[in-house]
1. Condition (residue is under 26 Å from residue 134 (Cα atoms), assigned to a helix (DSSP H, G or I), hydrophobic (A, V, I, L, M, F, W, C) and touching a strand residue (DSSP E or B) at 6+ places or on another chain (Cβ under 8 Å)) applied to segment 204-217: is it met by at least one residue?
2. Please count how many residues of segment 128-149 are in a helix (DSSP H, G or I) and either exposed (fewer than 14 other Cβ atoms within 10 Å of the Cβ) or polar (S, T, N, Q) (or both).
3. Are any residues in segment 51-90 free of Cβ contacts under 8 Å to residues at least 24 places away in the same chain and either within 25 Å of residue 212 (Cβ to Cβ) or not in a helix (DSSP H, G or I) (or both), and if so, which ones?
4. If the Cβ limit is 6 Å and pairs must be 6+ apart or interchain, which residue in segment 234-259 that is closer than 18 Å to residue 128 by Cα pairs with which residue that is among the aromatic types (Phe, Trp, Tyr)?
5. Quick check on residue 45: is it in contact (Cβ under 8 Å) with a residue 12 or more places away in the chain, within 21 Å of the chain's Cα centre (by Cα) and surrounded by fewer than 15 Cβ atoms within 10 Å (Cβ to Cβ)?
6. Of 78, 99, which residue is closer than 21 Å to residue 245 by Cα and of a type in the set (Lys, Arg)?
7. For residue 173, which of the numbered conditions (1) part of a loop (DSSP other than H, G, I, E, B); (2) loosely packed, with under 13 Cβ neighbours inside 10 Å; (3) among the basic types (Lys, Arg) fails to hold?
8. Filter segment 91-122 for residues that are in contact (Cβ under 8 Å) with a residue 60 or more places away in the chain and in contact with a Lys or Arg (Cβ under 9 Å, 6 or more places away or on another chain); which is nearest to residue 157 (Cα to Cα)?
Amino acid sequence: MKQKRKPKLAVWKFASCDGCQLSLLDCEDQLLDVTAEVDIANFPEASRAVAKGPYDLSLVEGSITTPHDAERIHQVRRSSKFLVTIGACATAGGIQALRNFKDVKSFTSLVYASPSYLEVLAKSTPIADHVFVDFQLRGCPINKLQLLEVVNAFLNGRKPNIPGYSVCMECKRKGIICGLVSHGPPCLGPVTQAGCDALCPSYHRGCFGCYGPKETPNTASISEWWMKQGMSDGELLRLFRGFNAYAEAFRKESEAHEE
C-alpha cells in the first residue's frame, strides 16, 4: 500500500529576534507529534537539511525592513499553499516599527560610520502589507499551544480556534483582582487580545499589549479613563508604543496623543 505523503512545513525568518521560532522548538514532546504528521522541510533554526518547495504550510516570523526582504516574501508566498504569520513582528511590524514614527536616516547616521551602505526601508511593516496571509498568530512571543492549534487546524482542514477577546477574560478566569481599578498600574488588558494566560497581571503588573489589539478595541475610552486619573499625553503615547506599536488600533491611539 502506497504511503500517504506528509504535508511539507517550512519556517521562514525575516527581521526578528527568533523568539517565535523558538516557541515551536519549545513544544518539546508535542513537537514529536507534529513531526509525525508533517515533514519539516525547511527550518534553519532546527536543521541544516532543506527540502525544495512548494510547501503546504509556511510559518513566517519577522517584519519586512529591507528591499531584499520585500522581494523574498513574494517568493515565499509563491512557494506556499498556506502562509501563516507568527508573532508581533510578522503581524504588526514588531518593536522595530517604532522607527516608523521618525526618519530612519536620523538613526542610521548616528549608529553607522557609512550609512549609505545600508539598504533599509523607511518603515518596518507586517507581512500582510506585502502578500496575502491566510492566518495571523499574534504574540511576543507567540503561545506555543496556540501554534500547535494552528498546525492542528491546518492538518484537519478547519479554522484555528484562537480567541479574539481581551486579556481581561483570562484575568477573570484565574480570579485575578483587576489591577487597573484596584491598585492602578497602567494596563492594556481591556484592549489587548488574549493568549498569554494573563502572565503580567498574575504578577501584579499591567498588561504590555504583547498580543496586539483585540477585536474592536475601544482604545479611546480607556485613554480617556486614564487621563481622568492624571496620565499625560506623553505617558499614553509611550504606553501604546510597545511590541505592537504599528498595529492599526494602537498606532492611531498613540498618534492621537502626539504633542
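The values are calculated or read from the model by the stated rules, or taken from the named source; none is laboratory data. Keep in mind that this is a model prediction, so the values were computed, not measured. Methodologically, a virtual Cβ is constructed for each residue, glycine included, from the backbone with ideal geometry; neighbour enumeration extends over all protein chains shown.
1. no
2. Matching residues across segment 128-149 total 2.
3. Matches in segment 51-90: 52 only.
4. 244/250; 250/240
5. So residue 45 fits the description; yes.
6. 99
7. (1)
8. Among residues in segment 91-122 that are in contact (Cβ under 8 Å) with a residue 60 or more places away in the chain and in contact with a Lys or Arg (Cβ under 9 Å, 6 or more places away or on another chain), the one nearest to residue 157 (Cα to Cα) is 91.
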